[in-house]
Amino acid sequence: MIYLLKFGASFLLPPGVFFVCLWALAIYLWRKDKKTAIRKAAAAVFLVTTLFYLLSTSYVSNMLMSRLENIYDQPAHPQGDVIIMLGGGATQDTPNLGEQGNLCAIPAARLLTAVELYNQLHVPVLVSGGQVYADSGPEAVIAHRELVRLGVPEDMILTEPNSLNTRQNAMYSCRILREKGLEHPILVTSAFHMERSVLNFAKEGFQVVPCPTDYRTSRKQVFHYNKLMPQSDSLDDSVTVLREKLRLTVTRYLE
């Protein structure tokens, strides 16, 4: 009964309620007017709404996300002479145990993996990411501070604070690698972001060891009818996958 109530409630709240209204509108138009043009419009509204609904379900978004996340496996025994962690968002003035600014959830997960790798390998950690917007935080600067708090020696941290996107992450990080004579980087970023990141570093002449983290889906998917609930989080995951594929295409063929 609990699952059934959750399923029903999802169609009374956004985004589900909007799908119900659009489906009702499409059916109303179809039944009200038998003109071909009106019926075509009604059918188009119904189909677009259904597609939008499917992208908003975890059943579809998990399938899309899982395929993207599982392109690379985590290495069983990673080896390299530097760990590169890419940023992914930070706040500027939120409280942080006496300091200001926090990493968002995505780069925080990446940071944890970078620290775990450092504890295994004891090689330098390069954090990459600038202040993307006027009201966002300086990602690499905050990540540097958090690494020190977590026990990484300051002289083992390299900071790249200027990049505003993945392309610049790779460009500016590779400049530092060349300056320091580092040749075998281990790349830490979210699993959904890894394919595009690897390509950007390859364009700069570096073959990285991918170490994906921050997984959003389990590898083993089990169906439940509640996975057909429309949810804004699921829509966000679907959009994330589509955005990654679009940016990957731009990186591969236009940059």
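Derivation of every value follows stated rules applied to the coordinates shown; laboratory data play no part. What you see is a predicted model, and the numbers here were worked out from it, not measured in a lab. When we count neighbours, we look across all protein chains shown, and the Cβ atoms used for this are built from the backbone with ideal geometry, even at glycine.
Things worth noting here:
- Lys-Lys pairs in the chain that are eight or more residues apart or on separate chains and whose Cα atoms lie under 25 Å of each other come to 7.
- Global geometry of the range 47-133, whether rounded, prolate or oblate, following the gyration tensor of its Cα atoms and the 1.5 cut on a/c: oblate
- Spin-label pair Val17/Phe52, simplified geometry with 7 Å Cα→Cβ offset, distance in nm: 1.5 nm
- Extension gain for Glu255-Arg67 works out to 65.2 nm (0.36 nm per residue, less the C-alpha to C-alpha distance).
- Degrees, to the nearest 10: 16-32 long Cα axis against longest axis of the chain: 30 degrees
- C-alpha long axis of helix 36-55 to longest principal axis of the chain, angle in °: 40 degrees
- Put the Cα centre of the range 1-75 next to the Cα centre of the range 113-138 and the gap is 38 Å.
- Considering only the chain, percent of DSSP beta bridges that pair antiparallel, nearest 5: 25 percent
- Gained length - Asp155 relative to Val222, 0.36 nm times residue gap less alpha-carbon distance: 19.5 nm
- Charge-dipole axis of the chain as Lys and Arg at +1 and Asp and Glu at -1 on Cβ define it, positive-most pick from Trp30, Leu117, Pro14: Trp30
- Applying 1/(1 + (r/R0)^6) with R0 = 45 Å to the Cβ-Cβ distance of Ala76 and Ala43 gives a FRET efficiency near 0.30.
- Highest-first arrangement of 105-111, 83-89, 2-8, where packing means the average Cβ count within 10 Å: 83-89, 105-111, 2-8
- Our summary gives the range 29-146 a relative contact order of 23 percent, counting only alpha carbon pairs under 8 angstrom and 6 or more residues apart.
- Rounded, prolate or oblate (a/c below 1.5 giving rounded, otherwise prolate when a/b exceeds b/c) for the range 56-207 by Cα gyration tensor: rounded
- A simple spin-label model places pseudo-atoms 7 Å from Cα toward Cβ; at Gln168 and Tyr28 they are separated by 4.8 nm.
- Here the spin labels are modelled as points 7 Å beyond Cα on the Cα-Cβ line, and at Leu4 and Glu183 they lie 6.7 nm apart.
- Across the range 91-107, rounded Karplus estimates of 3J(HN,Hα) from the backbone phi angles (6.51 cos²θ - 1.76 cosθ + 1.60, θ = phi - 60°) give 8, 8, 10, 7, x, 8, 6, x, 10, 10, x, 10, 6, 6, 4, 5, x Hz, Gly and Pro being marked x.
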